[in-house]
Amino acid sequence: MARIKKKQKNLIKDIATERIEYLFKLAGQNYGSHPDRSDRYVALARRIGMRYRVRLPSYLKRRVCKGCHSFLVPGNSSRIRLHGRYMTITCLKCGKEMRYPYTTDKKTNF
């Protein structure tokens, strides 16, 4: 009985993850013509993640503003700056700055 519940729970989480990725894909496709719709897709993806206790993958989490929860597109709705070991992403809607670790592999070939 417990084994079936575990499998069912994993299946539900897999479906939720697929839906989240699909909503982010739609947000990226529709940003040029409907930026408000992209923000709505991101809000839906966040709600799905919270409801089914699924974390957003890090590459998608960086596309969401932590202040106003809008969809971030580099150059349009956000600005990205590199500062040594970290990357600063600034939301152009609310002005929130988010810092993420950034490393460059500087290997010199002799």
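Tell me, in nm to one decimal, what length is gained between residue 6 and residue 100 on full extension, where the rule is 0.36 nm per residue of separation less the Cα-Cα distance?
30.4 nm
Expressed as a whole percentage, what fraction of the accessible surface of region 4-58 belongs to carbon and sulfur atoms when a 1.4 Å probe is rolled over the protein heavy atoms?
So the carbon and sulfur contribution to the accessible surface is 50 percent.
Net charge around residue 57, counting only other residues with Cβ within less than 11 Å of its Cβ (Lys, Arg = +1; Asp, Glu = -1)?
+3
Can you give me the accessible area per residue for the chain, using a 1.4 Å probe, in Å²?
Spelled out: the 1.4 Å probe surface of the chain, per residue, equals 77 Å².
So how tilted is helix 2-30 from the main axis of the chain? Cα-based, degrees 0 to 90, rounded to 10.
Approximately 40 degrees, to the nearest 10.
If every alpha-carbon in the chain counts as one equal scatterer, what log10 I(q)/I(0) does Debye give at q = 0.09, 0.13, 0.15 1/Å?
Values, matching the q order: -0.32, -0.59, -0.72.
By how many degrees, between 0 and 90 and to the nearest 10, does the Cα long axis of helix 35-51 differ from the longest principal axis of the chain?
Approximately 50 degrees, to the nearest 10.
For the pairs 5/25; 61/93; 13/96, note any where the Cα-Cα span goes beyond 25 Å.
5/25; 13/96
Quick one: net charge of residue 74's neighbours, Cβ under 13 Å, K/R +1, D/E -1?
Counting the neighbours of residue 74, the net charge comes to +4.
For region 27-74, what is Rg from Cα atoms divided by 2.2 N^0.38 Å, rounded to two decimals?
Here the Cα radius of gyration is 1.09 times the empirical estimate.
The values are calculated or read from the model by the stated rules, or taken from the named source; none is laboratory data. All figures in this text were calculated on a predicted structure; none of them were measured in a lab. All Cβ positions, glycine included, derive from the backbone under ideal geometry; neighbour counts span all protein chains shown. Each accessible area value is taken on the protein alone, full model and side chains, heavy atoms only, with ligands, DNA and RNA left out. Shrake-Rupley method; radii C 1.70, N 1.55, O 1.52, S 1.80 Å.
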